[in-house]
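> One structure coming up, written as structure tokens, with questions to follow.
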Amino acid sequence: MSTFNQVSNDPLKPVSRTIVPATARMVREFGPIDRAASLSPVEAMTIQEFARRYSICRASAHIEIREGRLTACKMGGKAVILREDAERWAANLPRIKPAPRTLEAEGA
């Protein structure tokens with residue numbers, strides 16, 4: 001617990017007062033916090049968070065949305081991407097097929 005000095009009537013004599021953190025007060029009033037519920041995976045992310053998570057620039061994310069390959073929705077004043085839509089977008093990315101190896105290409 002932390003303490004701070006509260007100004008009293010006598011400016012030369014500070015009064016010490018103990019502050020109870022809001023979380024401790026809330027636990028007393030509402031019971032313990034369910035940590036499993038509070039640590040659930042993120043269901044929606046901003047475009048910046050999406051771009052950072054999938055290692056693309058924000059402009060590329062906007063292009064993917066504009067081209068219809070990625071779905072975004074408005075939540076309040078922000079465009080957000082739902083986790084399911086982000087996972088669907090990543091699953092539908094084109095796969096790179098390795099080129100067939102030949103002896104001539106290896107220089108032998």
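The values are calculated or read from the model by the stated rules, or taken from the named source; none is laboratory data. Since we're looking at a predicted model, the values are computed, not measured. A quick note on method: Cβ atoms are made from the backbone with ideal geometry, for glycine too, and the neighbour counts reach across all protein chains shown.
> Among helices (runs of 4 or more DSSP H) lying entirely in segment 43-96, which contain 2 or more residues that are free of Cβ contacts under 8 Å to residues at least 24 places away in the same chain and basic (Lys, Arg)?
58-66
> Applying the selection to segment 75-91, what residues are surrounded by fewer than 10 Cβ atoms within 10 Å (Cβ to Cβ) and modelled with pLDDT of 90 or more?
As a first pass, look at segment 75-91 and keep what is surrounded by fewer than 10 Cβ atoms within 10 Å (Cβ to Cβ): 76-77, 91.
Answer for segment 75-91, where residues must be surrounded by fewer than 10 Cβ atoms within 10 Å (Cβ to Cβ) and modelled with pLDDT of 90 or more: just ALA91.
> Sort through ARG52, ARG17, ARG101, ARG28 and tell me the only one that's among the basic types (Lys, Arg) and modelled with pLDDT under 60.
Of ARG52, ARG17, ARG101, ARG28, the one residue that is among the basic types (Lys, Arg) and modelled with pLDDT under 60 is ARG17.
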